[in-house]
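Okay, so here's the structure we're looking at.
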Amino acid sequence: MRDIGFRAGFFRSAEGSLVYGRNKSESHGQLAKTLCLALGLVISAGLSVASWQTAAGPLLAWVVLIPLLLATRILTPSRAFIAGSFWGICLFLFSALSNGALFEPTLGALVLLSTIPAAYAWLGSRLTRRSGFSPLMLGLGWVVVELALQPLSLQNGLLGGMLGHALVVRTLGYLAGSLVVAFLVVYVSASVIEMATAAVAVPGGSRRAPRVGGAVSKCSPIELAAFSFQFLQPARARAPPTR
């Protein structure tokens with residue numbers, strides 16, 4: 001009996017060690033992902049400021065928001081809010097430390113940049129978990145961000161100013177306005193994320209769509225229409241039972 005008890009205790013201890021090691025490994029992996037995302041947000045904010053002052057600005061503008069948009073896709077709303085605020089604060093600091101500041105580094109500018117992108121990321125995360133990752137909604141949401149940041153007196157807005165004097169963008173901005181340009185930039189960036197992550201398995205669904213109950217098998221529109229048509233057909237008369 002003592003030998004059996006000893007063996008049982010040994011196996012419980014070994015199982016506990018394995019669980020502890022697995023949890024520790026998962027926590028380290030989560031920490032690494034968090035640090036990578038934070039570094040991406042810092043680089044994004046730095047490139048956003050640099051794109052106003054370099055000839056590569058029109059190219060950088062199409063990719064600088066990818067880390068922020070990725071945060072709305074993979075983070076919970078509360079964490080996305082923190083990520084958006086962190087990005088805005090980094091943008092303020094990079095602008096204040098650059099030779100040609102994009103805006104006057106005042107307390108009001110800091111408040112705007114630490115709250116507006118945070119609210120955008122929070123709302124984007126909530127919409128993603130409710131109806132899926134939508135480049136269209138994220139693009140329209142950024143139009144509101146551009147309007148809210150108008151007190152910073154940025155010429156052509158934040159994203160429009162990054163694109164500088166690119167001929168196509170300048171023509172489009174003249175015809176439709178800088179808000180349309182900002183919408184297109186965010187829409188393209190979000191579409192890149194959507195295409196890049198389409199084949200990657202993400203817990204809760206590849207598009208972060210809401211789930212009802214357990215796993216639900218996915219049907220194509222054609223299969224669903226065929227099933228509905230078959231279901232709506234009138235029942236056929238049955239032959240009398242044979243004895």
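The values are calculated or read from the model by the stated rules, or taken from the named source; none is laboratory data. The model shown is predicted, which means the values in this text are computed figures rather than measured ones. Here the Cβ positions follow ideal geometry from the backbone for every residue, glycine too, while neighbour counts run over all protein chains shown. To get the accessible areas, we keep the full protein, side chains included, count just its heavy atoms, and leave off ligands, DNA and RNA. Shrake-Rupley method; radii C 1.70, N 1.55, O 1.52, S 1.80 Å.
Quick check: is even one residue across the range 148-158 over 19 Å from TRP52 (Cα atoms), modelled with pLDDT of 85 or more and part of a loop (DSSP other than H, G, I, E, B)?
Within the range 148-158, none of the residues are over 19 Å from TRP52 (Cα atoms), modelled with pLDDT of 85 or more and part of a loop (DSSP other than H, G, I, E, B).
Can you find, within the range 1-54, the residue that is modelled with the highest pLDDT among those that are closer than 26 Å to ALA96 by Cβ and not in a helix (DSSP H, G or I)?
That would be SER51.
In the range 133-145, how many are crowded, with 18+ Cβ neighbours inside 10 Å and closer than 18 Å to SER85 by Cβ?
Total satisfying the criteria: 4.
What do you reckon, is SER44 open to solvent by 20 Å² or more (accessible area, probe 1.4 Å) and either under 18 Å from TRP142 (Cα atoms) or of a type in the set (Asp, Glu) (or both)?
So SER44 fails the test.
When the range 74-112 is examined, which residues are found to be within 17 Å of SER189 (Cα to Cα) and modelled with pLDDT under 95?
Step one: list which residues in the range 74-112 are within 17 Å of SER189 (Cα to Cα), which gives 74, 84, 87.
Within the range 74-112, ILE74 is the sole residue that qualifies.
If you check SER153, SER98, which single one turns out to be more than 28 Å from LEU35 (Cβ to Cβ), more than 18 Å from the chain's Cα centre (by Cα) and not charged (D, E, K, R)? Working first, answer last.
Values: SER98 fails: more than 28 Å from LEU35 (Cβ to Cβ).
Result: SER153 is the single residue among SER153, SER98 that is more than 28 Å from LEU35 (Cβ to Cβ), more than 18 Å from the chain's Cα centre (by Cα) and not charged (D, E, K, R).
Just to check your reading of the model, which residue among LEU59, LEU65 is at pLDDT below 95 and farther than 18 Å from LEU102 by Cβ?
From the options LEU59, LEU65, the qualifying one is LEU59.
Report, by residue number, each residue of the range 55-76 that is assigned to a helix (DSSP H, G or I) and more than 19 Å from THR197 (Cα to Cα).
Restricting attention to the range 55-76, the residues satisfying the condition of being assigned to a helix (DSSP H, G or I) are 57-60, 66-74.
Matches in the range 55-76: GLY57, PRO58, LEU59, LEU60.
With respect to ARG130, is the statement that it is under 22 Å from GLY84 (Cα atoms), open to solvent by 20 Å² or more (accessible area, probe 1.4 Å) and modelled with pLDDT under 80 true?
Values: under 22 Å from GLY84 (Cα atoms): yes; open to solvent by 20 Å² or more (accessible area, probe 1.4 Å): yes; modelled with pLDDT under 80: no.
It is false that ARG130 is under 22 Å from GLY84 (Cα atoms), open to solvent by 20 Å² or more (accessible area, probe 1.4 Å) and modelled with pLDDT under 80.
Could you check the range 104-131 and list, in sequence order, the residues that are over 20 Å from ALA50 (Cβ atoms) and not in a helix (DSSP H, G or I)?
Scanning the range 104-131 gives a single hit, THR106.
Within the range 89-103, is there a residue that is touching a Phe, Trp or Tyr at 6+ places or on another chain (Cβ under 6 Å), in a helix (DSSP H, G or I) and either open to solvent by less than 60 Å² (accessible area, probe 1.4 Å) or not acidic (Asp, Glu) (or both)?
no
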